[in-house]
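Worksheet: the structure to be examined is printed underneath.
All of the numbers you see were taken from the coordinates with simple rules; none came from a lab. From a predicted model like this one, the values you see are computed outputs, not experimental measurements. All Cβ positions, even for glycine, are placed from backbone atoms using ideal geometry, and neighbour counts span all protein chains on display.
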Amino acid sequence: MTKKSVVAQTLPLKIVGSNKFGRYNKISSEATFNMFISDGWMVPFPGHKKIYEVIEGGEGRGIFTSTRLGAIIFVIDQVVYTMNENLSINQLGELQTYSGPIYIEENNAKQIALCDQEHIYLYDYLNSTFGQIDTDFIPNYIDFQDGRFLAAVKGEPLYRLSDINDGTKWPTDQEGDFQTKADNVKAVISLPGKAGQILVVGGIVTEPWKDIGYQLFPYQRSGSYNIDYGVANEATIAKSDQFVVWLGVNEKSGLALFVTDGGSSKQISTDGINAKFGQVVHPEESYGSLFKKDGHLIYLLTFSHADDNFTLIYDFNNDSFYYITDEYMGHHIARKISFFNNTYYFISENDGNLYELNTKYGSFDGKEIPRVRVCETYRRPDSDPFIVDNLSFVTEQGQFDYTDNARIDMSVSRDGGYSFSNYVQMEMKKIGDRANMYDEYNLGYMNEFTPQFRFYGKERFVSKNGVFNVHQ
């Protein structure tokens, strides 16, 4: 009898990767938590540290950087605060509302406007005054362009303009309205890098308008195109120096993530991400923020209700999605992020603290960050079973001190990512011991192989792709 030959293969182990999960785990269960790709390596998402506890148990609602004032403005519960470059915090005044998002913008007359979706408040730091502005409409969102504040009118197909460099006056003849569809204006956004262009955003459609200098009303709608998606929740709108991003929806389609540079728009959410959005119960409890960290432009999107409870980030550099979490694997605590003092600060919906977000922090304010990489599933084209002899990959070691019980845990799924085995642990080398390999042997007999790695420790983890060996 002829003995069957052993067919051995060395295959790539994809440690470096993003969320590629499909509609079902059998399609793909590949996912990454609290890590992302940088220069072809898997590196940690920044940790954070509490800078100031403003109100114990409060709700962070909005944050804004004023370069002219040299301070950040932030709102906890109903109270408005400033923090200067010396991290000195002062109370400015109070709002009439206690919860919900706050939108903040500044004009050229040293006036900072705050909108709580009920009223507009004005901080005039030239005259050191703060107070509510009387308007004949209810504002839903506020932005700034060409000397004027722009406000969406709540529950109406209208938006309003303030006087130039005077946020206290909102003339009744400075009013624009929706023209493409029967819809209400939810937000008016000045397009970054596009002189005089704005987006008028509704619940099912978005219209581009341009300031062409008309004396009676300066804006005119672009007749060439519109975006056939509105915004599911205006708190998800965020903009950078190039893009505007929002969680979109229209009368015929479910939730999807959109980006525009003013000249074109596109959907950036994948089938798997859209399937995840299809499970969202409370899109009204969501918010987004855009920031650039270590050269990576990142959009953060959180669904904070207990029935949803997750946060995704999208990295424009790598066109990739990842999960980020809190220490309990729930949604990340950052609500809005602002750059100030050469670092990032954020407020949290969960509490009344002010935090710094920075790569130098390897923990969540001293708590261990749950970093997880679920690799792609390997299966043979003919679905024949195989034996996994071993796997290995490069990972940085030698940076952990002796008080940090850092380790990597590995488990294996044999059913396409639906369930995983018990964990096998490998302790990380301590300071100065620069061993750089993770190795595991005798992984077993299966016809689907999905490895999962959990990285425990309060310092950084930096890992590269590896290999695994199989035979039949």
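Which percent of the Cα-Cα distances in region 124-267 go past 20 Å?
Taking all Cα-Cα pairs of region 124-267, the fraction more than 20 Å apart is 45 percent.
Suppose we take every Cα in region 285-408 and form the convex hull; what volume per residue is that in Å³?
On the way: hull volume 23.2 nm³, N = 124.
Spelled out: Cα convex hull of region 285-408, divided by residues, is 187 Å³.
Quick one: Karplus J couplings for region 81-90, per residue in order, coefficients 6.51, -1.76, 1.60, θ = phi - 60°, nearest Hz, x for Gly and Pro?
Values, residue by residue: 10, 10, 10, 8, 5, 8, 6, 8, 10, 10 Hz.
Give the order of Met329, Met426, Met42 when sorted by the count of other beta carbons within 10 angstrom, beginning with the fewest.
On the way: Met329 13, Met426 17, Met42 25.
Sorted ascending by nearby Cβ count, the order is Met329, Met426, Met42.
Count neighbours as other Cβ atoms within 10 Å of each site's Cβ, and list the trypsin sites (Lys or Arg not before Pro) in region 232-322 that are DSSP loop with at most 15 such neighbours. Before the final figure, lay out the partial values.
On the way: sites: Lys239, Lys252, Lys266, Lys276, Lys292, Lys293; in loops: Lys252.
Answer by residue number: Lys252.
Can you find, among Thr343, Ser289, Leu300, the residue sitting farthest towards the positive end of the charge dipole of region 271-391, where Lys and Arg contribute +1 and Asp and Glu -1 at Cβ?
Thr343
Which Cα, out of Pro192, Ser128, Ile273, lies furthest along the positive dipole direction of region 47-368 (beta carbon charges, K/R +1, D/E -1)?
The listed residue farthest towards the positive side: Pro192.
So which chymotrypsin sites (Phe, Trp or Tyr not before Pro) in region 1-93 end up in coil per DSSP with only 12 or fewer other C-beta atoms within 10 Å?
Numbers: sites: Phe21, Tyr24, Phe33, Phe36, Trp41, Tyr52, Phe64, Phe74, Tyr81; in loops: Phe21, Tyr24.
Here no chymotrypsin sites (Phe, Trp or Tyr not before Pro) fit, given the DSSP loop and packing criteria.
Only Lys, Arg, Asp and Glu count, each charged at its Cβ (+1, +1, -1, -1), so figure out the dipole size of the chain about its Cα centre, rounded to 20 debye. Before the final figure, lay out each step's value.
On the way: 43 positive and 61 negative charges, 359 e Å.
My answer is approximately 1720 debye.
Check each of the chymotrypsin sites (Phe, Trp or Tyr not before Pro) in region 383-416 and keep only those in coil by DSSP with at most 12 other C-beta atoms within 10 angstrom; list them in order.
Details: sites: Phe386, Phe393, Phe400, Tyr402; in loops: Tyr402.
Those satisfying the criteria are Tyr402.
Using a ≥ b ≥ c from the Cα gyration tensor of region 47-368 (square roots of the eigenvalues), is it rounded, prolate or oblate, where a/c under 1.5 gives rounded and otherwise the larger of a/b and b/c decides, a/b for prolate? Walk me through the numbers before you get to the answer.
Numbers: a/c = 1.69, a/b = 1.12, b/c = 1.51.
It is oblate, given that a/c is not under 1.5 and a/b is not larger than b/c.
If you average the alpha carbon positions of region 347-415 and of region 242-267, how far apart do those two centres end up, in angstrom?
31
Taking a ≥ b ≥ c as the square roots of the Cα gyration tensor eigenvalues, with a/c under 1.5 meaning rounded and otherwise prolate when a/b beats b/c, else oblate, which class fits region 311-366?
Values: a/c = 1.60, a/b = 1.17, b/c = 1.37.
Since a/c reaches 1.5 but b/c is at least a/b, the shape of region 311-366 is classed as oblate.
Using θ = phi - 60° and the Karplus relation 6.51 cos²θ - 1.76 cosθ + 1.60, list the HN-Hα couplings for region 135-148 in order, rounded to whole Hz, with x at every Gly or Pro.
Calculated HN-Hα couplings, in order: 10, 9, 9, 9, x, 10, 6, 9, 8, 9, 6, 6, x, 10 Hz.
Shape of region 34-161 from its Cα gyration tensor (a ≥ b ≥ c, root eigenvalues): rounded if a/c is under 1.5, otherwise prolate when a/b > b/c, or oblate?
On the way: a/c = 1.75, a/b = 1.47, b/c = 1.19.
It comes out prolate by the Cα gyration axes.
With θ set to phi - 60° and the Karplus curve 6.51 cos²θ - 1.76 cosθ + 1.60, what are the ³J(HN,Hα) couplings of region 21-30 in order, to the nearest whole Hz, using x for Gly and Pro?
5, x, 4, 10, 4, 4, 6, 5, 10, 4
What residues have an amide H closer than 5 Å to that of Leu191, excluding those fewer than 5 places away on the same chain, when H is modeled at 1.01 Å from N in the peptide plane?
Correct list: Gln197, Ile198, Leu199.
What is the distance in Å between the Cα centres of region 270-302 and region 158-214?
With region 270-302 and region 158-214 each reduced to a Cα centre, they are spaced 25 Å.
For region 92-206, what log10 I(q)/I(0) values come out of the Debye formula at q = 0.12, 0.17, 0.20 1/Å, with one point per alpha carbon and no solvent?
-0.39, -0.78, -1.07
Post the alpha-carbon centroid distance, region 119-140 to region 421-447, in whole angstrom.
59
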